[in-house]
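J.: Submitted below is the structure of interest, expressed as structure tokens.
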Ligand code: BTN
């Protein structure tokens, strides 16, 4: 088994060690669940929870998320952002880009993002992000819990059958083990950087996200709370919604959903 996660090992590799308040657990039901409880109290901005094993890890859309002991990366970060509530969706997009940067820096592999914030190697998912908010009062700024799960030294073949074919891991992609402490530090450095850019607007992050997009220009079918919507992927709008251009030329902003299908690329309309 690779080295266990350790607060010291992560802190040693961070560029600014004192901006995160790191807690490592042997096992938890879900780092996001505990982070949400802590966020409801006074846990400060920058609190990080990592677990070697999650017994009830949670994915988007109420799906389970597997974190086998000692081989994957499961962490949640409590942020009390300085941005307006309508920009909060950008935090999840920042986490996706940070995950891409960290994996690329540590492994040399190229990654892509699939809206809203799946991280892919080739066509397969290597990491997922679950962003949840806690509002103390309606008008108070929310605490945002960003949960990031990365398949690192675990094999996709050992994941549940229904996701096995669409998943990968760094071990599968590189054939070698990755230092999870180094990856965690690279991820926290990149997250601090990308969340920080939101102080000055969304343009920089939007540009990076678009560069990393796996589906830009492609014909997508997205399962939304209002049903399946089809259209060409025209990138993000200023609120972080995905713009789909429908056959009639009308653009529709998708707030939440799941990309079901990518079809052949369609040229941009001018
Ligand atoms: C997805 O469905 O793609 C999101 C997966 C998010 C998993 C991470 S692992 C750390 C954190 N704790 C959880 O229970 N979920 C997130």
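J.: Do we have any residue at all in segment 240-248 that's touching a strand residue (DSSP E or B) at 6+ places or on another chain (Cβ under 9 Å) and under 25 Å from residue 103 (Cβ atoms)?
T.: Looking through segment 240-248, at least one residue is touching a strand residue (DSSP E or B) at 6+ places or on another chain (Cβ under 9 Å) and under 25 Å from residue 103 (Cβ atoms).
J.: Still on this structure, I have one more. When you look at residue 130, is it part of a strand (DSSP E or B) and within 22 Å of residue 214 (Cα to Cα), yes or no?
T.: Answer is yes for this residue.
J.: Any residue at all in segment 260-269 that is surrounded by 13 or more Cβ atoms within 10 Å (Cβ to Cβ) and either closer than 30 Å to residue 9 by Cβ or modelled with pLDDT of 95 or more (or both)?
T.: no
J.: To continue, here is another question. Within segment 184-253, considering only strands (runs of 3 or more DSSP E) that don't extend past its boundaries, which have at least 2 residues that are without any contact (Cβ under 8 Å) to a residue 24 or more places away in the chain?
T.: Hits in segment 184-253: 227-236.
J.: Kindly list the number of the only condition in (1) farther than 14 Å from residue 93 by Cβ; (2) surrounded by 15 or more Cβ atoms within 10 Å (Cβ to Cβ) that fails for residue 208.
T.: (1)
J.: Of all residues in segment 47-83, how many are more than 7 Å from the ligand (Cβ to nearest atom), in contact with a helix residue (DSSP H, G or I) (Cβ under 6 Å, 6 or more places away or on another chain) and either under 17 Å from residue 99 (Cβ atoms) or modelled with pLDDT of 95 or more (or both)?
T.: The number of residues fulfilling the criteria is 4.
J.: Residues to consider are 127, 167, 143, 214; find the one that is modelled with pLDDT under 95, surrounded by 18 or more Cβ atoms within 10 Å (Cβ to Cβ) and in contact with a strand residue (DSSP E or B) (Cβ under 9 Å, 6 or more places away or on another chain).
T.: Exactly one residue qualifies, and that residue is 143.
J.: Let me ask something additional. Looking at this structure, is residue 21 modelled with pLDDT of 95 or more and more than 10 Å from the ligand (Cβ to nearest atom)?
T.: Taking the combined requirement at face value, the residue satisfies it.
J.: Could you tell me which numbered condition residue 204 fails, if it satisfies all but one of (1) out of contact with any strand residue (DSSP E or B) (no Cβ under 8 Å at 6 or more places or on another chain); (2) under 27 Å from residue 71 (Cβ atoms)?
T.: Of the numbered conditions (1) out of contact with any strand residue (DSSP E or B) (no Cβ under 8 Å at 6 or more places or on another chain); (2) under 27 Å from residue 71 (Cβ atoms), the odd one out for residue 204 is (2).
J.: List every residue pair whose Cβ atoms sit under 6 Å apart, with the two residues 6 or more apart in sequence or on different chains, where the first one lies in segment 59-79 and is over 23 Å from residue 256 (Cα atoms) and the second, anywhere, is assigned to a loop (DSSP other than H, G, I, E, B) and within 6 Å of the ligand (Cβ to nearest atom).
T.: Cβ pairs passing all conditions: 67/57.
The values are calculated or read from the model by the stated rules, or taken from the named source; none is laboratory data. Please read these numbers as outputs of a predicted model, since none were measured by experiment. Glycine gets a Cβ as well: all are built from the backbone with ideal geometry, and neighbour counts include every protein chain shown.
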